[in-house]
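I have placed the structure first, in the form of structure tokens, so that the comments after it can refer back to it.
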Amino acid sequence: MIHHIELYVSNLANSIKFWGWLLEDLGFHSYQKWDKGHSFKLDKSYIVFVQTEDRFLDVPYHRCRVGLNHLAFHAKSKEHVDQVTIKLKDLGVPILYEDKHPFAGGEDYYAVFFEDPDRIKVELVAPSEV
């Protein structure tokens, strides 16, 4: 089990607005808050968002560079994936690979793919029926 994941973000307020509802929908709760950060916890694991210092904001994140490519979370069901997809669309969040949605990961992989405000790719994956 992962202890914690720490993500540096370009705009903490935007990231918390984006991630807060999603993580709470997945069962996380707000855990720690301070001027430059905010974390959300589920069981023994937590995700931390930290405001990047201005001097490091010159090179934006890109998932194809060295480092994190994406984060994938378990959905409760296919219906849960569908509900989150509707919420994302209502919020104006583009769905990645929309032409193949919800099977962009393959015919037995029911998921929604999208990006956070810093373009970190996120997946929400339904339980496998196999």
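The values are calculated or read from the model by the stated rules, or taken from the named source; none is laboratory data. Please read these numbers as outputs of a predicted model, since none were measured by experiment. FYI the Cβ positions are ideal-geometry reconstructions off the backbone, even for glycines, and counts take in every protein chain you see. Ligands, DNA and RNA are excluded from the accessible area calculation, which covers all protein heavy atoms including side chains. Shrake-Rupley method; radii C 1.70, N 1.55, O 1.52, S 1.80 Å.
Tabulated data
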read-out: Residue count for segment 8-26, restricted to those that are of a type in the set (Ser, Thr, Tyr) and either at pLDDT below 95 or open to solvent by 60 Å² or more (accessible area, probe 1.4 Å) (or both); value: 1
read-out: Index of the failed condition, Gly106 passing every other in (1) touching a helix residue (DSSP H, G or I) at 6+ places or on another chain (Cβ under 7 Å); (2) over 18 Å from Ile2 (Cβ atoms); value: (1)
read-out: Unique match (being open to solvent by 20 Å² or more (accessible area, probe 1.4 Å), over 25 Å from His4 (Cβ atoms) and aliphatic (A, V, I, L, M)) among Leu57, Leu68, Leu42, Leu96; value: Leu96
read-out: Odd one out for Asp35 among (1) open to solvent by 70 Å² or more (accessible area, probe 1.4 Å); (2) out of contact with any strand residue (DSSP E or B) (no Cβ under 7 Å at 6 or more places or on another chain); (3) of a type in the set (D, E, K, R); (4) under 25 Å from Ala126 (Cα atoms); value: (4)
read-out: Count of residues meeting criterion [under 29 Å from Ala13 (Cα atoms), small (Gly, Ala, Ser) and open to solvent by 70 Å² or more (accessible area, probe 1.4 Å)] in segment 99-129; value: 0
